There are 2 protein chains.
Amino acid sequence: MIDSALGIIGTGIMGEPMARNLLRAGYALWVHNRTRAKAEALLTEGATWRDYPDALARDVDVVISIVSDSPDVESIYLGPHGVCETLRDGMLCIDMSTIAPEVTRSVAAEVRKCGASFVDAPVSGGKTGAEAGTLSIMAGGDSGDVERAKPIFDVLGKSTVHCGPVGSGQLTKLCNQLLCGLNLLGVCEAVIFAKRVGLNPGTVLEAVSKGAAGSWALDNLGPRMLARDFAPMFMIDLQQKDLRIALSTALSNGIPLPGTSLVSQLLTASQAAGEGREGTQALVKTLERLARLE
Amino acid sequence: MIDSALGIIGTGIMGEPMARNLLRAGYALWVHNRTRAKAEALLTEGATWRDYPDALARDVDVVISIVSDSPDVESIYLGPHGVCETLRDGMLCIDMSTIAPEVTRSVAAEVRKCGASFVDAPVSGGKTGAEAGTLSIMAGGDSGDVERAKPIFDVLGKSTVHCGPVGSGQLTKLCNQLLCGLNLLGVCEAVIFAKRVGLNPGTVLEAVSKGAAGSWALDNLGPRMLARDFAPMFMIDLQQKDLRIALSTALSNGIPLPGTSLVSQLLTASQAAGEGREGTQALVKTLERLARLE
């Protein structure tokens, strides 16, 4: 399937390194982005620019979209100059954004009306995972469609799990995000507790990280909190967007999520403090303010 | 130091396998337990019974206590027939229970008045870790005393971290427990979310466990929740005891722990449902009741 022509819509923090990995793997690549400047590097590396999603879709077999939020995906596929205007029988659309599952389903339905297939495939692993081609990919769609996308996923990630029909990738990603949120809150509370009672927080991380308290968040975000390194691995604003989708999906399905709700409230305090564009580890600063530990 | 005579007070779920490992490592071992029946197996394996803590302390160089809660430790050391009645210059007392740090400090002060040394060394790893000799040990005390205890710790655990002066082991263990609590809540919320929205929860665990959502709790408690296996790795009643100590230590130090507080409230609901003696993974049943997913 290396002879497929691919189009990527969205060349931001995630999309740019993903596009680069596909170029390096030998795919012919067309790109579109709201801001052309963010695609320039890829154009010098061999990608071809298109001004609109419909113009891009006309030239390719597979469209990959990776943008920020539900309205962006709706507009790319269904808006004026959207992908659906030029979609043809047999094409495959893969949305790798993290968006509301009901938007995924409605966009997929429109794509299918054009005779094309749709797979939702949000990812976990952030910028570093996108660059290294080690993303975890959570795919929703018909088995045949996910299978067809597999060679592309193998370039972008280290694991792909087929989670169920269209929308299941998004729902699984929401599970991922609420786990990340609660693990993060645990690390923040452990760090402020350790500091305030006079422990060396670095020694605490060393003592507890290999046992039953261990988590990716503890290993990766804990040391950054202690080093006061708040550069984003994943931005608070985006985590909040994902938790907003998780909580609204939960609400409409009658699922109380008391812990996730609390995490979101505390992240709102971080946003109120102007820290929305910092990494999620900056949540520790909200806890520090609550404890007057600034 | 293999020629030290050791006394173990408390031969319950944790103490019994720990004592067995010390016997097998070649230590001469004296034992005491509130209920003698729970020590019988160890007696047939070579341990020597003593009716009271003071009678045990008379015969040994090092006393190890591993019991349930603060009042038990106070009574073992300071009560009638307590260890302090027969403590001698140069002896070493190691309390491996998880108890309130202020009780640790007051017991340690009394032990020192007798000319003996005190190390607090709570553990993480549960029954399986105690059996396998792979506990994580969080030690508080003077460096020389922790060093002296090290050969014993090496039999019982796979890692020992010296966390600071007396009480620091307990404080570090509290950090461990609040991390466990929040990681646990994350797994519960992910599982009920996955079930209610129609995902296969096993597939979700597979898709998210290797990435940024990963944790010991997800790997070890998630599959047990799905298998409806609520046998205790670690009992809800004991987790609640530990969180009670964490929250009360936090309160007296002016540390708000909103997440840990929520976890404790939800575990209270599990206890109210008669599930206190089940494993912490049974918290998922409280979340299922909230979501009417029973």
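Worth a mention:
- Scanning the range B:220-261 for residues that are among the aliphatic types (A, V, I, L, M), more than 18 Å from A:ARG196 (Cβ to Cβ) and open to solvent by 40 Å² or more (accessible area, probe 1.4 Å) gives B:LEU226, B:ALA227, B:ALA231, B:MET233, B:LEU238.
- Taking each residue of the range A:57-84 that is open to solvent by 10 Å² or more (accessible area, probe 1.4 Å) and looking for partners that are among the acidic types (Asp, Glu) with beta-carbon atoms closer than 6 Å, six or more apart or interchain, yields A:LEU78/A:GLU110; A:HIS81/A:ASP54; A:CYS84/A:GLU110.
- For the range B:167-181, the condition of being modelled with pLDDT of 95 or more and over 17 Å from the mean Cα position of the chain (by Cα) holds for none of the residues.
- Qualifying positions in the range B:195-219 - open to solvent by 70 Å² or more (accessible area, probe 1.4 Å) and closer than 24 Å to B:SER136 by Cα: B:LYS210, B:TRP216, B:ASP219
- Residue match in the range B:74-85 (condition: part of a strand (DSSP E or B) and within 21 Å of B:ALA139 (Cβ to Cβ)): no
- First in the range A:197-208 and more than 7 Å from chain B (Cβ to nearest Cβ), second anywhere and of a type in the set (Lys, Arg), Cβ under 6 Å, 6 or more apart: A:PRO201/A:LYS195
- Residue in the range B:7-20 that is assigned by TED's automatic domain parsing to the domain that holds B:ALA121, of a type in the set (A, V, I, L, M, F, W, C), open to solvent by less than 60 Å² (accessible area, probe 1.4 Å) and more than 17 Å from the chain's Cα centre (by Cα) present: no
- Residue in the range B:99-116 that is open to solvent by less than 10 Å² (accessible area, probe 1.4 Å) and part of a strand (DSSP E or B) present: no
- Hey, B:ILE94 open to solvent by less than 10 Å² (accessible area, probe 1.4 Å) and either assigned to a strand (DSSP E or B) or in the same structural domain as B:ASP242 (by TED's automatic domain parsing) (or both) or not: yes
- Residue ID - nearest to A:SER261 (Cα to Cα), chosen from residues in the range B:158-174 that are touching a helix residue (DSSP H, G or I) at 6+ places or on another chain (Cβ under 6 Å) and assigned to a loop (DSSP other than H, G, I, E, B): B:GLY167
- Condition check for A:GLY125: free of Cβ contacts under 8 Å to residues at least 40 places away in the same chain, under 30 Å from B:SER209 (Cα atoms) and either within 14 Å of chain B (Cβ to nearest Cβ) or not β-branched (Val, Ile, Thr) (or both): yes
The values are calculated or read from the model by the stated rules, or taken from the named source; none is laboratory data. This is a predicted model, so every value here is computed, not measured. Backbone-built Cβ (ideal geometry, glycine too); neighbour counts: all protein chains shown. Just so you know, the surface numbers come from the protein's heavy atoms only, side chains and all, with ligands and any DNA or RNA stripped out. Shrake-Rupley method; radii C 1.70, N 1.55, O 1.52, S 1.80 Å.
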